[in-house]
Amino acid sequence: MRFQTPLVPGTLIRRYKRFLADVALADGQDVTAHCANPGSMTGLAEPGMQVWLEPNDDPKKKLKYGWRLVDHGNGHFTGVDTAVPNRMLRQALETGAIPGLEDFDTLRAEVPYGENSRIDFLIKTEGQSDLYIEVKSVTLSRTAGLAEFPDSVTKRGTKHLQELANMVAQGHRAMMLYLVQRTDCDRMTLAQDIDPAYASAWRAATEAGVETLVLDCQITPEAVQMGKLLRMSF
């Protein structure tokens, strides 16, 4: 998935009110960017960090920049926009780029299910059980090479796991797909110290038959592309 407009580099001044970030651009201009990430962004929002913004000229948008990447300065990047995974994964599904999910008849996004929930992707194949896929963006890393989820307490995420388990109980397939939006991690685990209820819900969902798939991605200031399968580590 290529970014719609070329990204511009800058230096983070501060992130505040969760969805706002002040950034100093290379040309000396200070701008406010939209931060499409409701999480804590631990280790990713420190003043002075190098970031990449996507400019826009959409008259309907109040802010003319969106924060897309953190540049770690060592050839590695982290994607901070939680909307990117679904856009990129849809392209990957449609082109058969995700192992084990290459062939299906129909693909739908944001389908209502469960109790006032929406599934990220619903895959249907004639003669097979429907597949419900919930996607989570993973950006936390407190140990070198190890990605963790979640980065803050997520009651919504716990509910999603319970909803997926209910789909399995009804005879469908269900999958939790974690997309690691970091290029410096080769494995993933659950941040049980941050949200023990989520970790417990994941174990219960797994025992109920919910599948887990962990993928990473290749990130540059030009594009985000599907990467490889990662292992879940405990």
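So the values come out like this:
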| read-out | value |
| --- | --- |
| Selected residue (criterion: least open to solvent (accessible area, probe 1.4 Å)) from residues of the range 164-202 that are of a type in the set (Lys, Arg) and within 11 Å of residue 148 (Cα to Cα) | 182 |
| Within the range 87-128, considering residues that are of a type in the set (Val, Ile, Thr) and part of a loop (DSSP other than H, G, I, E, B), the one most open to solvent (accessible area, probe 1.4 Å) | 95 |
| Residue ID - nearest to residue 112 (Cα to Cα), chosen from residues in the range 129-145 that are assigned to a strand (DSSP E or B) and open to solvent by 10 Å² or more (accessible area, probe 1.4 Å) | 132 |
| Criterion violated by residue 161 - all others in (1) in a helix (DSSP H, G or I); (2) open to solvent by 10 Å² or more (accessible area, probe 1.4 Å) satisfied | (2) |
| Cβ-Cβ under 7 Å pairs, at least 6 apart or on other chains, the range 101-129 side within 18 Å of residue 89 (Cα to Cα) and touching a residue at least 24 places away in the same chain (Cβ under 8 Å), far side open to solvent by 20 Å² or more (accessible area, probe 1.4 Å) and of a type in the set (Val, Ile, Thr) | 104/125 |
| Pairs, first free of Cβ contacts under 8 Å to residues at least 12 places away in the same chain in the range 17-34, second surrounded by fewer than 14 Cβ atoms within 10 Å (Cβ to Cβ), C-beta under 9 Å, six or more apart | 22/14; 22/16; 22/30 |
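Per-residue answers, yes or no, for (1) charged (D, E, K, R); (2) touching a residue at least 24 places away in the same chain (Cβ under 8 Å); (3) out of contact with any helix residue (DSSP H, G or I) (no Cβ under 7 Å at 6 or more places or on another chain):
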{"position": "145", "(1), (2), (3)": "no, yes, yes"}
{"position": "159", "(1), (2), (3)": "yes, yes, yes"}
{"position": "170", "(1), (2), (3)": "no, no, yes"}
{"position": "182", "(1), (2), (3)": "yes, yes, yes"}
{"position": "192", "(1), (2), (3)": "no, no, no"}
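The values are calculated or read from the model by the stated rules, or taken from the named source; none is laboratory data. Computed from a predicted structure; not experimentally measured. Neighbour counts are summed over all protein chains in view; Cβ atoms, including those assigned to glycine, are modelled from backbone coordinates with ideal geometry. Heavy atoms of the whole protein, side chains included, go into the accessibility calculation; ligands, DNA and RNA do not. Shrake-Rupley method; radii C 1.70, N 1.55, O 1.52, S 1.80 Å.
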